[in-house]
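Asker: The following block contains the structure, expressed as structure tokens.
The values are calculated or read from the model by the stated rules, or taken from the named source; none is laboratory data. Keep in mind it's a predicted model, so treat the numbers as computed, not measured. Quick reminder, even Gly has a Cβ in these numbers, built from the backbone with ideal geometry, and neighbours come from all protein chains shown.
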Amino acid sequence: MKLSEFSESDILRLKASSSWIHSDGWLTNDLICSWYGVLCQDGSEENNIIVELDLKHNGLQGNLPMSELMTLRTHLRKINLAGNAIQKLAGRNDESFFWPHLQSLLLQDNRISGTQPFSWLQNFPNITEINLSANRFNDSHIPGNVFENFSSVRTLRLDHNFIGGSLPSTLASLESLGELQ
């Protein structure tokens with residue numbers, strides 16, 4: 001993502017609130033690639049192409065505005081928001097919600113509930129690692145077709161969620177899957 005594509009309203013929605021443990025650089029004139037938790041392509045602070053967002057254990061609370069993260073989807077390969085207090089993944093889920101390069105989605109140890117995160121997984125065709133463990137998916141049902149096109153998934157963690165019903169049979173066809181919890 002180029003800095004020019006990251007609008008001020010997007011920054012305000014992701015704004016480092018008082019609950020954040022680290023907010024270095026957020027909402028400043030610093031290069032976006034020098035902001036805490038933002039990793040850019042080739043490790044450079046100048047190219048402004050964000051490939052990783054890592055705000056794990058950082059005091060994030062409430063709803064995660066996934067639709068606001070859409071501006072990052074072109075190059076983003078990893079989202080790590082583990083160990084926060086995120087309750088809901090907010091935003092729409094339609095054809096435009098497609099993340100072609102996302103490989104790792106780490107949302108474990110939050111407070112996320114409902115079935116919405118499972119339906120969104122279909123929009124990550126190159127994902128290799130999904131960790132949704134230790135959330136609040138109590139009695140949530142995983143849609144049967146959610147894992148149909150996941151030929152590259154190697155790690156899938158859903159443990160400590162009390163998921164209702166049985167796991168989809170499509171999990172058995174995931175040839176790359178090495179870890180399932």
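Asker: Considering every residue within the stretch 150-159, establish whether at least one is modelled with pLDDT of 90 or more, farther than 21 Å from Asn84 by Cβ and assigned to a loop (DSSP other than H, G, I, E, B).
Answerer: Yes; the residues of the stretch 150-159 include at least one that is modelled with pLDDT of 90 or more, farther than 21 Å from Asn84 by Cβ and assigned to a loop (DSSP other than H, G, I, E, B).
Asker: Just one of (1) under 15 Å from the mean Cα position of the chain (by Cα); (2) buried (at least 18 other Cβ atoms within 10 Å of the Cβ); (3) not charged (D, E, K, R) trips up Asn161, so point out which.
Answerer: (1)
Residues are listed down the side, and each one gets a yes or a no for (1) out of contact with any strand residue (DSSP E or B) (no Cβ under 6 Å at 6 or more places or on another chain); (2) surrounded by 15 or more Cβ atoms within 10 Å (Cβ to Cβ); (3) over 26 Å from Gly59 (Cβ atoms):
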{"position": "Asn126", "(1), (2), (3)": "yes, no, yes"}
{"position": "Ile130", "(1), (2), (3)": "no, yes, no"}
{"position": "Asn135", "(1), (2), (3)": "yes, yes, no"}
{"position": "Gly144", "(1), (2), (3)": "yes, no, yes"}
{"position": "Glu148", "(1), (2), (3)": "yes, no, yes"}
{"position": "Ser152", "(1), (2), (3)": "yes, yes, yes"}
{"position": "Gly165", "(1), (2), (3)": "yes, no, yes"}
{"position": "Glu175", "(1), (2), (3)": "yes, no, yes"}
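Asker: Let me ask something else about it. List the pairs whose first member sits in the stretch 110-131 and is of a type in the set (Lys, Arg), whose second member is at pLDDT 85 or above and in a loop (DSSP other than H, G, I, E, B), and whose Cβ atoms are under 9 Å apart, counting only residues at least 6 apart or on separate chains?
Answerer: Partner pairs satisfying both residue conditions: Arg111/Asn84; Arg111/Asn135; Arg111/Arg136.
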